[in-house]
1. Would you please name the residue that is farthest from L151 (Cα to Cα), looking only at residues in the range 498-515 that are touching a helix residue (DSSP H, G or I) at 6+ places or on another chain (Cβ under 7 Å) and not in a loop (DSSP other than H, G, I, E, B)?
2. Is it the case that the range 468-478 has a residue that's open to solvent by 40 Å² or more (accessible area, probe 1.4 Å) and basic (K, R)?
3. Checking the structure you have, find out if any residue of the range 489-497 is open to solvent by 20 Å² or more (accessible area, probe 1.4 Å), among the aromatic types (F, W, Y) and in a loop (DSSP other than H, G, I, E, B).
4. Going by the structure shown, is D268 open to solvent by 40 Å² or more (accessible area, probe 1.4 Å), at pLDDT 95 or above and over 22 Å from the mean Cα position of the chain (by Cα)?
5. Restricting to the range 443-462, name every residue that is crowded, with 18+ Cβ neighbours inside 10 Å and of a type in the set (A, V, I, L, M, F, W, C).
6. Just wondering, is there one or more residues in the range 414-422 that are open to solvent by 10 Å² or more (accessible area, probe 1.4 Å) and within 27 Å of the chain's Cα centre (by Cα)?
7. Please verify whether K315 is touching a strand residue (DSSP E or B) at 6+ places or on another chain (Cβ under 9 Å), open to solvent by 20 Å² or more (accessible area, probe 1.4 Å) and at pLDDT below 95, treating the condition exactly as stated.
8. What number of residues within the range 498-530 satisfy the criterion of being open to solvent by less than 10 Å² (accessible area, probe 1.4 Å) and of a type outside the set (V, I, T)?
Amino acid sequence: MITIMKHKNIGLACSNATTNKATKTIQFWGKTWFIVTLLVATLSGCTKDFDPEFYGVLSPATFPSTPSEYELYTMGVYVPFEGKWGYPSSNPQGWEYGFFSPEMGHIEIFDMSTDMMPTFTLWGGHWQAVSSGNFTALRSMDAMRHHIEKLRFITRFTRIIDDLEKATVLNESMKKQLIAEARMARGWTLFYLLHIYGPLPVIMDPAKIGTEAEADLTRPDRSTFVQYIINDLNYAAENLPVTPANYGRFNKGIALVVLMRLYLNEKDFVNAEKIAREIVAMNKYKLVNDYASLFREVTEINSETIWAVSCVGGKETGQNFNALAYYCYPTDMDGIKITGGGWGDQAGGAMSATWQFYRSFDTADVRRNLLISSYISNTDKKTVKDSTKLRGAVIRKYPDEGAANSLQGNDIVVARYAEVLLTLAEAINENSGPTAEAIDLVNQVRARAGLSGLSNSQTATKEALREAIFVERGHELFFEGLRKFDLVRMGKWNNNYMNAFGKNVGPALWPIPDYAIINSQGQLQQNEGY
C-alpha cells in the first residue's frame with residue numbers, strides 16, 4: 001500500500017495499493033505524518049513473476065537503512081502499472097484504477113474511445129462516456145474513475161527519488177538503477193496524464209513537498225511539462241538494465257519506447273526517428289514469426305515483446321491477472337476455457353471491434369484471425385451470431401487457454417518491436433518522404449501478417465504513405481492501447497472521420513473532474529471545451 005501526499009488545495013484523498021500479504025508501515029515527510037505501507041519485491045534470480053509482497057512493521061527512524069530496504073522501498077513505484085481491478089485507497093470509494101486495469105485502463109481509454117471499438121451503452125457510466133468518444137459526462141464522476149488522482153503519485157515518486165539520491169549506503173550503480181526505476185514511473189505517469197488531461201500542476205522539486213508551494217495549482221505550459229517527461233525518461237534509458245534481474249521490472253527498452261511515443265505524439269519526428277533507431281541498434285528485439293503467439297501465455301516471453309504486465313492465471317490472489325476475455329466475449333459465446341460466456345450481453349462483449357474496422361483487414365491478413373466474425377450461440381446451439389446480430393466482431397487477441405473459468409495468465413503486452421518499426425517508418429516519412437527504408441520497415445510488418453508489400457499508390461507520396469502507416473498501425477496494434485494517440489496525431493479525432501464509426505466525439509482531452517476544481521476553490525483550470 002502506498003499513500004501519496006496530496007496537493008493541499010485539491011483535497012484529493014490519499015492513494016494506496018494493497019495485497020493480501022502482511023504489511024509494513026512507516027511514517028515520514030516531516031511535520032505532516034503519513035502512514036505508508038511499502039511494496040516489497042522478491043528480488044533474487046531472473047523469474048517471470050515480479051510479485052510484490054509485504055513484511056513486518058518498521059520505524060521511520062530506521063527504515064530504509066540498508067541497500068535491500070532501499071530496493072524494497074523503491075518497488076512502490078510500480079503500483080500504477082499493475083494489471084488488477086484497481087488498488088484500494090483511503091477514498092470513500094475504496095479503490096482506484098491503474099493504467100493497465102481492465103476497466104479505465106489503457107485499452108478502454110485509448111482504444112475503446114476510437115474507430116476500432118463501438119460505443120457500449122449497456123453498463124452506462126464511464127463505459128458509455130469513454131466508448132462514445134465524448135467525455136463530458138466524466139466531469140461529474142468520482143475520484144476512483146479519474147487518473148488525475150495520480151498527481152499524488154508524482155509527489156510520491158519525487159520523494160522516493162530524493163531519498164534515493166541522499167542515500168549513503170547505496171553504491172553508485174545500485175543508486176542509479178533504483179532512481180531510474182522511480183524516474184521511469186514518474187515519467188510514464190506524466191506521459192499518460194498529459195494525454196488524458198493535458199499539462200497538470202505537479203511537484204517535481206522535493207523541497208516543495210509539505211510547503212505552501214503545493215497550493216500553487218497553476219498548470220504549466222506544454223513545453224515545460226513535456227520536458228519533465230523527457231528528463232525522466234532519458235535518465236531511465238541511460239541507467240536501466242537492458243535485461244532486469246526480475247522479469248516485469250522496467251528495462252532500457254520500455255524507457256526508450258515511451259520516449260519515442262512522446263516525441264512521435266508531439267510531432268517531433270526528428271527525435272522520434274533518433275530514438276527508434278536507438279532501439280533498433282540495441283539488437284535485442286526482432287519480430288516473432290507467429291503474430292498470435294505474442295498474446296498466448298505459453299509464448300509470452302519472446303524476442304519481440306519489450307515490456308508487458310506480468311500476469312498470473314487462476315483465482316484472484318493479489319497478483320496481476322488478465323481478465324480481458326471476460327470483457328470481450330458475449331454472454332452466449334463459449335470461449336476456449338470460459339464456458340457460459342463473458343460479461344457483456346448477447347449483442348456482444350463490452351469490448352468488441354467495429355464492423356468497419358474488421359472489414360478493413362485484407363482477408364489474407366493473419367491478424368484478422370484474432371477477431372471472431374461469427375459463432376454459434378450457446379443458448380440454443382444453433383443460432384448463428386454474426387454482423388446482423390452483433391454490435392461488433394469478438395476480440396480474441398488474448399485467448400482463454402489457462403484454467404477453466406478463471407482469470408487468465410497471458411501477460412498484457414504494452415510495448416512491442418513491431419511498433420518501433422512502424423514508428424521509425426512514420427518518422428522517416430515525415431522527415432524525408434517515402435524512402436525505400438521507410439517502405440521496407442512497413443513491409444517487414446506486413447510480411448509477418450502474410451501480406452504482400454505496399455502498392456505503388458500507397459507509397460507514391462508522403463501523404464499516401466502516412467495514410468498507409470495509419471492503417472497498418474491499426475491492424476498491427478489493435479487492442480494494445482495506442483489508437484487514440486494515432487487518431488489525434490493524424491488529425492482524425494474529428495466528426496468528419498469518426499461519424500462513420502458511430503462516434504460523435506468531443507475534445508480529445510478528458511475534462512478536469514468537477515470535484516477537483518471545487519476542492520481547489522476554482523484555482524485548477526478546466527480544459528477547453530468543457
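1. Checked the range 498-515; the qualifying residue farthest from L151 (Cα to Cα) is A500.
2. Within the range 468-478, not a single residue is open to solvent by 40 Å² or more (accessible area, probe 1.4 Å) and basic (K, R).
3. yes
4. no
5. Selection gives V445, A449, L451, L454.
6. Within the range 414-422, one or more residues are open to solvent by 10 Å² or more (accessible area, probe 1.4 Å) and within 27 Å of the chain's Cα centre (by Cα).
7. Yes: the conditions hold for K315.
8. Going through the range 498-530 one residue at a time, the tally reaches 8.
The values are calculated or read from the model by the stated rules, or taken from the named source; none is laboratory data. Note that this is a predicted model, so its numbers are computed, not measured. No Cβ is skipped: glycine too gets one built from the backbone with ideal geometry, and neighbour counts run over all protein chains shown. Note: areas computed on protein heavy atoms with side chains; ligands, DNA, RNA excluded. Shrake-Rupley method; radii C 1.70, N 1.55, O 1.52, S 1.80 Å.
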